[in-house]
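A quick write-up on the structure given underneath.
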Amino acid sequence: MDTAAAPHAAPGEVVVRLKAAALNHRDVWIKQGAYAGLRFPIIPGSDGAGIVTEVGPGVEASWEGREVIINPSVDWGHDPRAQEPRFTILGMPRNGTLAEFVSVPAAQLAPKPSHLDWAEAAALPLAGLTAFRAVFGRAHLKAHEKILITGIGAGTALFALQFAAAAGAVPCVTSSSEEKLRRAHELGSKAGTLYTRSGWAKDFAEHHGPFDVIIDSAGGPGFGDLVDLAAPGGRIVFFGATRGNPHELPMRKVFWKQLSLLGTTMGSPTDFQMMTAYVARHGIHPVISHKFKLDDVAAAFDLMEHGGQFGKIVVEID
């Protein structure tokens, strides 16, 4: 494991001694050199939880010694509708959480929900924030509405499932794995299907649809199926394009069904505060797939690169 100088708290900042961190696909893309604006050397890692060990000038002394989680959405700005151009994500260009210590603006801190252990707390920030904004900030999901969450097994999709179930909605999921569908059922999914199966969307719509809300991060040629699965007046929220852009957008179906296509990413400081409060209020526990030690972080990256996880991959630091 490489070593780096310990950070110090600049004005308005704190130093956190990390107890655990968690991986996101973003970290893999940085490692592969496939992320925009790369600069080296850099310590990746957007998710982290730990104890404040140093406060900088202008920071309330009461933060020192507190157990915290870190909001990785840095410099969102003042408009809750969208991030400002200066917005960045912790872990590039600013050093991140795959280290023993990290310095962050004090405004990025939130008290660790008391019902979470360190691994669970570290798993929460980026994926939890993204899912919360998608489900509530953008889709405005309500109790008893039907919601379809695609690609279950990834951290953000699992949080969306847990949040929807806690809200009293009717969540359904898709996956490429029967085992992931089974495990999603244990977390509150009412129905699931394999998106690898020919004609899956038509069959699923007949038995379980249509859906008031659809949460997707894949895009690609299957996006047209989501338009078909959406109920009149439905909302399709997307925060990724892992399968690329759709080959075509069925405009006539979109306007005739009065659909809303809603892009989203990460979230505002208010979203983060609301998300952590929601997790605490409902006693939600993040799903942990695997745990690794910091000295074995290469194995953690290998697991994420091969997509073998169900839930978050956590790196225990202390």
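The values are calculated or read from the model by the stated rules, or taken from the named source; none is laboratory data. Fair warning: this is a prediction, and the values are worked out from it, not measured in the lab. Heads up, the Cβs are rebuilt from the backbone with ideal geometry, glycines too, and the neighbour counts pull from every protein chain shown. Just the protein is used for accessible areas: all its heavy atoms, side chains included, with ligands, DNA and RNA removed. Shrake-Rupley method; radii C 1.70, N 1.55, O 1.52, S 1.80 Å.
Overview of values
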item	result
Top-ranked residue of segment 279-296 - restricted to ones that are aliphatic (A, V, I, L, M) and open to solvent by 40 Å² or more (accessible area, probe 1.4 Å), ranked as farthest from Glu120 (Cα to Cα)	Ala280
Answer residue from segment 176-198, given it is modelled with pLDDT under 95 and among the polar types (S, T, N, Q) and is least open to solvent (accessible area, probe 1.4 Å) among those	Ser177
Of residues in segment 69-103 being among the aromatic types (Phe, Trp, Tyr) and assigned to a loop (DSSP other than H, G, I, E, B), the one most open to solvent (accessible area, probe 1.4 Å)	Phe87
Residue list for segment 170-203, filter: more than 17 Å from Asp225 (Cα to Cα) and either assigned to a loop (DSSP other than H, G, I, E, B) or among the acidic types (Asp, Glu) (or both)	Ser177, Glu178, Glu179, Glu186, Leu187, Gly188, Ser189, Lys190
Those residues of segment 110-129 which are in a strand (DSSP E or B) and open to solvent by less than 20 Å² (accessible area, probe 1.4 Å), in sequence order	Ala110
Selection within segment 59-68 - in a loop (DSSP other than H, G, I, E, B) and within 25 Å of Lys293 (Cα to Cα)	Gly65, Arg66
Cross-chain or 6+ apart pairs with Cβ under 6 Å, segment 85-103 first and free of Cβ contacts under 8 Å to residues at least 60 places away in the same chain, then surrounded by 20 or more Cβ atoms within 10 Å (Cβ to Cβ) and part of a strand (DSSP E or B)	Thr88/Val74; Leu90/Val74
Those residues of segment 32-58 which are out of contact with any helix residue (DSSP H, G or I) (no Cβ under 6 Å at 6 or more places or on another chain) and not in a loop (DSSP other than H, G, I, E, B), in sequence order	Gly50, Ile51, Thr53, Glu54
Flag for Arg138 being of a type in the set (D, E, K, R), under 26 Å from Gly91 (Cβ atoms), in contact (Cβ under 8 Å) with a residue 24 or more places away in the chain and touching a strand residue (DSSP E or B) at 6+ places or on another chain (Cβ under 7 Å)	yes
Among (1) open to solvent by 50 Å² or more (accessible area, probe 1.4 Å); (2) touching a helix residue (DSSP H, G or I) at 6+ places or on another chain (Cβ under 7 Å) - the single one Ala201 does not satisfy	(1)
Residue identified as in contact with an Asp or Glu (Cβ under 9 Å, 6 or more places away or on another chain) and either touching a residue at least 24 places away in the same chain (Cβ under 8 Å) or more than 19 Å from Gly308 (Cα to Cα) (or both) among Ala131, Ala143, Ala164	Ala164
Count - residues of segment 293-318 that are modelled with pLDDT under 95, of a type outside the set (Gly, Ala, Ser) and under 24 Å from Arg183 (Cα atoms)	8
Helices (runs of 4 or more DSSP H) fully within segment 204-316 counting 1 or more residues that are touching a residue at least 40 places away in the same chain (Cβ under 8 Å)	223-229, 269-282, 297-305
Residue in segment 18-25 that is in a strand (DSSP E or B) and polar (S, T, N, Q) present	no
Filter result (in a loop (DSSP other than H, G, I, E, B) and touching a Phe, Trp or Tyr at 6+ places or on another chain (Cβ under 6 Å)) within segment 130-169	Gly153
Phe163 being under 21 Å from Arg133 (Cβ atoms) and in contact with a Gly (Cβ under 6 Å, 6 or more places away or on another chain)	no
Residue list for segment 70-128, filter: of a type in the set (Ser, Thr, Tyr) and in contact with a helix residue (DSSP H, G or I) (Cβ under 9 Å, 6 or more places away or on another chain)	Ser73, Thr97, Ser114
